[in-house]
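No lab work stands behind these numbers, since they all come straight from the coordinates. Every value quoted in this text rests on a predicted model; they were computed, and no experiment measured them. Backbone-built Cβ (ideal geometry, glycine too); neighbour counts: all protein chains shown.
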Amino acid sequence: MVATLPYRDERNRRNRRRRPVRRTVIVMAGKNKKNNKMGLLLLVAAGAAVLVTELRKPQEEREWHGTVGGVLPYDLRKPTAAKLRDRYWNVDNPHLLVPQAFGIGWTINFGRVYRLATESARSVD
């Protein structure tokens, strides 16, 4: 979607036919429906791969966490407060991207982001 913002200030209001200031705003969400459908298809395929991986195991061996294809992490166990804190705010973990506390894929370790920001602020001073 492209939006045009019409005028810079009130002075240009009376001259609107001669000198409009145009600014282009591009909104990525919904811009290309083909890409949105592809992302949804990949998400559904990843979910199906997780279910197939777990349901192929005998019932006593199902853990509901691991990786699909050795790359994509998943964890379908009930999240606890400690697990959420460990995944979303762990300043001691050196990784910026960590597996989701619940679901498929990765999430950002905001504790690591905070540590990196404070370390860089100290080095600037």
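Some points to look at:
- Cβ-based net charge around Thr80, under 12 Å, with every Lys or Arg adding one and every Asp or Glu removing one: +3
- Over every Cα atom in the range 26-125, the radius of gyration and the widest Cα-Cα span, Dmax, amount to 17.6, 58 Å.
- The C-alpha radius of gyration of the range 38-83, expressed as a fraction of 2.2 N^0.38 Å, stands at 1.26.
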